[in-house]
1. Of Ser55, Ser13, Val26, which is farthest on the positive side of the dipole of region 1-57, counting Cα position, with +1 on Lys and Arg Cβ, -1 on Asp and Glu Cβ, and the Cα centre as origin?
2. Over the chain, average the accessible area per residue using a 1.4 Å probe and give it in Å², no decimals.
3. Take the Cα atoms of region 62-147, find their three principal axes, and give me the spread along each one in whole Å, biggest first.
4. Build a GNM of the chain with springs between Cα atoms under 10 Å: which of Asp58, Asp78, Asp48 gets the top mean-square fluctuation?
5. Would you mind checking which residues have amide H under 5 Å from Ala94's amide H? H placed 1.01 Å from N; only 5 or more apart, or other chain.
6. Return the whole-Å distance between the Cα centroid of region 91-130 and the Cα centroid of region 30-83.
7. In Å and on Cα atoms, what radius of gyration and Dmax does the chain show?
8. Obtain the nm distance between the two label points defined at Glu72 and Arg161 by a simple spin-label model: each point lies 7 Å from its Cα along the Cα-to-C-beta direction.
Amino acid sequence: MRTMIVGMGNMGSALADALLAQELSVTVWNRSPEKCQPAVEAGAVQADTVLKGVSSCDVLITCLTDSQSVQETVVSDDIAKAMKGKIFVQLSQASPDQSLEFNEWALMNEIGYLDGSITGLPINIRQNDCMIVYSGDPGVFNSCIDVLKALGSKPRLVGERPG
């Protein structure tokens with residue numbers, strides 16, 4: 001599956017490294033473009049904009065500072081059109097209510113949605129020794145299980161209701 005990471009801080013960079021280690025197609029984007037350079041040198045493609053990146057991915061993974069950043073970066077009509085039929089994995093900090101809002105946006109736009117929480121450090125992600133717990137539709141979870149296993153060897157679906 002073709003993946004895109006939005007947010008190339010410490011954790012987002014580790015997620016990109018983990019996907020690249022499993023030889024998955026990875027596109028990266030960050031507000032500070034220079035933060036994408038190590039991933040690009042390792043084989044990722046850098047998108048000029050989030051919209052251009054999501055147009056060529058199957059799974060969008062956000063790893064931003066907070067839910068407001070996700071709202072500003074991802075939740076738009078143009079992104080929704082480009083994401084129709086694809087999967088949105090939200091790994092940024094968000095409250096249960098914010099996660100439900102992202103899920104509602106995804107459902108309204110026919111986008112599969114998973115909300116996740118990383119229970120390790122960037123080094124654990126890079127060593128493929130990290131548990132990430134998810135909530136959301138089991139069908140969505142199963143359809144991208146190879147990507148989820150690349151992010152952390154122990155993905156767990158803990159419930160169908162995001163948040």
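1. Ser55
2. The answer is 47 Å² per residue.
3. For region 62-147, the Cα extents along the three principal axes come out at 36, 27, 21 Å.
4. It is Asp78.
5. none
6. 14
7. Rg, Dmax (Cα atoms, Å): 13.9, 38.
8. Modelled inter-label distance: 3.1 nm.
The values are calculated or read from the model by the stated rules, or taken from the named source; none is laboratory data. The structure displayed is predicted, hence computed values, not measured ones. Glycine also receives a Cβ, built like all others from the backbone with ideal geometry; neighbour counts cover every protein chain displayed. In case anyone asks, the SASA skips ligands and DNA or RNA and just uses the protein heavy atoms, side chains included. Shrake-Rupley method; radii C 1.70, N 1.55, O 1.52, S 1.80 Å.
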